[in-house]
1. Taking A:T140 and the conditions (1) touching a helix residue (DSSP H, G or I) at 6+ places or on another chain (Cβ under 7 Å); (2) crowded, with 22+ Cβ neighbours inside 10 Å, which numbered condition does it fall short on, given that it satisfies the others?
2. Which ones in the stretch A:232-262 are of a type in the set (D, E) and closer than 19 Å to A:R215 by Cα?
3. Assess whether A:F274 counts as being surrounded by fewer than 19 Cβ atoms within 10 Å (Cβ to Cβ), touching a residue at least 12 places away in the same chain (Cβ under 8 Å) and in the same structural domain as A:R180 (by TED's automatic domain parsing).
4. If A:E213 passes every condition in (1) assigned to a helix (DSSP H, G or I); (2) surrounded by fewer than 24 Cβ atoms within 10 Å (Cβ to Cβ) but one, which one does it miss?
5. Restricting attention to the stretch A:79-100, does a residue exist that is in contact with a Pro (Cβ under 9 Å, 6 or more places away or on another chain), surrounded by fewer than 24 Cβ atoms within 10 Å (Cβ to Cβ), in the same structural domain as A:A136 (by TED's automatic domain parsing) and among the charged types (D, E, K, R)?
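The values are calculated or read from the model by the stated rules, or taken from the named source; none is laboratory data. All values reported here derive from a predicted model rather than from experimental measurement. Here Cβ is always computed from backbone atoms with ideal geometry, including for glycine, and neighbour counts include all displayed protein chains.
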Number of protein chains: 2
Amino acid sequence: MTAISELGEFGLIRHLTENIKSKNDSTTFGIGDDCAVLDYCDRRTLVTSDMLMEGIHFDLVYTPLKHLGYKAAVVNFSDIYAMNGTPRQLIVNIAVSRRFSVENLDDIYSGLLLACERYGVDLVGGDTSASVTGLALSLTCIGDAKAEDVVYRHGAKETDLICVSGNLGAAYLGLQLLEREKKVFEGKNIDETSAQPDFSGHEYLLERFLKPEARKDIVERLRDAGIRPTSMIDISDGLSSELLHICKASQTGCRIYEERLPLDYQTALCAEEFNMNVSTCALNGGEDYELLFTVPLTDHDKIAQIDDVREIGYITKAELGTALIGRGDAEEIPLRAQGWDAAESGK
Amino acid sequence: MTAISELGEFGLIRHLTENIKSKNDSTTFGIGDDCAVLDYCDRRTLVTSDMLMEGIHFDLVYTPLKHLGYKAAVVNFSDIYAMNGTPRQLIVNIAVSRRFSVENLDDIYSGLLLACERYGVDLVGGDTSASVTGLALSLTCIGDAKAEDVVYRHGAKETDLICVSGNLGAAYLGLQLLEREKKVFEGKNIDETSAQPDFSGHEYLLERFLKPEARKDIVERLRDAGIRPTSMIDISDGLSSELLHICKASQTGCRIYEERLPLDYQTALCAEEFNMNVSTCALNGGEDYELLFTVPLTDHDKIAQIDDVREIGYITKAELGTALIGRGDAEEIPLRAQGWDAAESGK
């Protein structure tokens with residue numbers, strides 16, 4: 001018997017899917033990217049799906065149900081944007097145990113529908129059923145893109161610039177703050193629990209974790225500027241892990257600069273408060289849902305004009321490996337896919 | 001606070017979805033049928049999704065994991081056929097707790113892939129994650145059909161013939177047999193448990209429950225015979241419940257004849273063994289995954305030529321209500337949506 005933990009998440013997915021072959025002409029691209037790509041016409045249909053389990057992916061002690069619904073939807077939209085597409089339809093499956101009421105489901109739906117409203121997506125179906133314990137959500141999002149616009153993970157080329165939107169590590173520290181307050185709260189007597197946790201100065205970090213946004217704006221700005229990324233992925237498991245996905249799929253290496261990692265001021269302060277290395281938070285903290293992409297070197301000037309996008313390094317030959325260049329060009333540190341272990345972080 | 005049980009499954013779905021409006025031109029039809037219909041081109045894209053929770057929808061005491069995978073896939077394909085479409089792609093999300101091994105997941109996948117192979121469907125993606133307790137499966141199937149071929153629930157017209165494929169009630173009795181043997185098994189001492197349950201003479205019923213098939217063949221035969229159903233649905237919750245869906249969506253009534261309900265010989269024998277009314281099993285037993293559809297009266301002669309399809313009644317004006325005509329035309333019994341309570345039957 002092989003324990004699932006022996007394979008690890010990506011090993012398990014590879015193990016389960018490596019012999020799957022496509023049979024239909026309409027299956028342009030199956031397993032191995034943010035979305036499956038289906039050819040139904042002159043436009044490609046993009047499909048992505050995610051499952052969220054209580055106690056693994058979220059903790060209802062500090063996650064309002066409306067936020068949970070909003071985030072579950074946005075995370076799926078983010079996968080469609082990461083293919084340079086537009087999300088169009090959402091299908092929502094929910095299973096709940098007896099401790100959940102109709103009002104609880106209303107809260108989840110109000111979050112889902114708010115996200116659909118903001119991103120122009122139609123909720124087109126789904127399944128609602130019982131569960132023995134806890135809450136389970138499974139969402140499927142369908143989108144489209146012109147065939148020539150679809151951006152995969154595998155298109156990065158040597159000398160391409162590596163770019164990232166927004167800033168990194170904020171959602172990870174937001175989660176650390178929530179976990180810390182939860183522990184404090186659990187340790188208190190009943191009399192003391194009326195005291196509300198104090199998150200002042202950290203609002204931005206909590207919002208990044210509890211109510212992330214998909215970077216629709218970045219995809220639109222790139223299109224308006226006439227930039228077509230050569231590869232793209234959304235950052236759900238941490239920058240290192242995602243960049244390694246791009247390099248592996250594209251058969252390249254890379255160099256990124258520690259000093260160019262985009263950080264928010266609150267992220268830096270909070271990392272210090274937790275005695276953490278802020279670069280580690282930015283490299284390995286997940287759930288920021290920023291976009292990581294590569295563009296040809298010739299697009300450097302255009303990228304410089306785009307708000308909220310930063311060049312953090314460049315693509316190399318595969319033989320040069322994948323590394324972070326420390327501050328002051330001091331040393332090269334190999335990138336590791338430490339990733340984002342939802343099973344641990346969610347505890 | 002409103003308990004979910006107060007609304008019931010369909011009431012809950014209506015409650016959650018009644019205010020949802022489509023925003024995109026490509027959303028031809030959203031919530032309210034077996035599939036969402038999306039207009040991406042001259043062909044319609046069909047999407048359906050189902051969630052299966054351990055302890056609610058299946059019991060691993062008597063459900064081999066390979067069968068579970070096979071059935072989970074087939075149930076989704078059945079929804080695509082019920083729209084007169086062809087399933088093309090499948091997306092599989094699985095969450096498992098620590099008691100499951102890689103080999104367990106292999107078994108599930110082998111069933112999923114066997115179903116995909118048999119029905120010509122591509123597995124194009126999905127998510128595999130942890131669960132605190134038990135196994136959860138969420139599948140999404142995508143298919144297509146020519147725009148003019150899509151058959152909804154709402155197209156039935158007065159005088160249309162009501163037809164059903166195969167036979168009914170077999171899966172329900174298969175489940176009763178498995179539940180009975182489970183109770184016997186649980187009541188025994190350890191010494192006695194080496195005795196295997198004896199299902200001889202009931203093999204067909206067990207297969208109907210554990211390894212159902214989607215009626216791809218019926219959809220093809222109807223097409224070959226030039227018959228386009230005016231409405232269609234697959235029977236997952238029981239004939240009564242599904243026929244009421246068609247009548248409600250089509251704003252019609254109906255009459256069906258008890259003596260025309262299609263029954264297998266094993267179903268009749270087993271119902272007697274359980275002291276159950278076999279018509280009740282056929283009307284309310286779920287999970288047969290046969291097709292229920294209506295055709296214009298003028299197709300009567302063509303339908304008579306089609307193997308394994310039976311006319312069981314006709315569509316009426318709405319004012320005449322929905323009823324079963326008892327044997328010998330003795331009495332009219334109003335149809336009730338007793339349905340198929342997976343939460344109870346799965347216990």
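1. (1)
2. Hits for the stretch A:232-262 are A:D234, A:D237, A:E242.
3. When the stated conditions are applied, A:F274 passes them.
4. (1)
5. Checked the stretch A:79-100: no residue is in contact with a Pro (Cβ under 9 Å, 6 or more places away or on another chain), surrounded by fewer than 24 Cβ atoms within 10 Å (Cβ to Cβ), in the same structural domain as A:A136 (by TED's automatic domain parsing) and among the charged types (D, E, K, R).
So that you can scan it fast, the table gives a plain yes or no per residue for (1) at pLDDT below 95; (2) not assigned by TED's automatic domain parsing to the domain that holds B:L68:
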{"position": "B:I142", "(1), (2)": "yes, no"}
{"position": "B:A145", "(1), (2)": "yes, no"}
{"position": "B:T159", "(1), (2)": "no, yes"}
{"position": "B:L175", "(1), (2)": "yes, yes"}
{"position": "B:I190", "(1), (2)": "yes, yes"}
{"position": "B:R221", "(1), (2)": "no, yes"}
